[in-house]
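Worksheet: one structure, shown below.
The values are calculated or read from the model by the stated rules, or taken from the named source; none is laboratory data. Here the structure is a predicted model, which is why all the values come from computation and not from measurement. Neighbour counts are summed over all protein chains in view; Cβ atoms, including those assigned to glycine, are modelled from backbone coordinates with ideal geometry. In case anyone asks, the SASA skips ligands and DNA or RNA and just uses the protein heavy atoms, side chains included. Shrake-Rupley method; radii C 1.70, N 1.55, O 1.52, S 1.80 Å.
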Amino acid sequence: LEAAGLLAPDGPVNKVLETVVNNLQITNNLDIQPPVRARVLLTTPVESFTVGNTIVLSRGFVDVLPDEASLALVLAHELAHIALGHGLDTKYAFNDRSLFKDEETFMRLSLQRTPAEENAADKTGIGYLKNSPYKDKLATASLFLRALQERSAELPRLLRPHLGNQTT
């Protein structure tokens, strides 16, 4: 994805994301190997997903999150997918250059989870948040999700993900 210009190079934003992930892991006694990383997808639609032990958030999502607790809410959900071992279809894991060009990568990837996996990650992620340093700061995160849901009809291009599951 980085070679295709869709993933930002590793930088300071990743470090902030990884600090929040680390806070969630420490307070929940999670020892995930290899270590969980976080990256930024250079797209506007609000979306997040995991690839292996890497959590990916779109630049659009990072830009609209109102505070660190809201960021923790999103990252806890994705961390739960990793901890629960929710895998992805790996049919493009090897020899992808022979299947299609980098420019076409974005249009061919689908990183969506099943409804059962989404529900499990929701429940597990909420559990992580209850044990985290963000537990008393989630009111804004709740308002943020409600606002996204209420505006979803008005903002379909912003709230319809290209790769992962819908947030609202």
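Some observations on this one:
- Amide hydrogen neighbours beyond the local backbone of residue 39, cut-off 5 Å, H modeled: 55, 56, 57
- Per-residue packing, averaged as other Cβ atoms within 10 Å, sorts the ranges 68-77, 8-17, 126-135 into the order 68-77, 126-135, 8-17, beginning with the highest.
- Å² per residue, accessible surface of region 29-78 at 1.4 Å: 37 Å²
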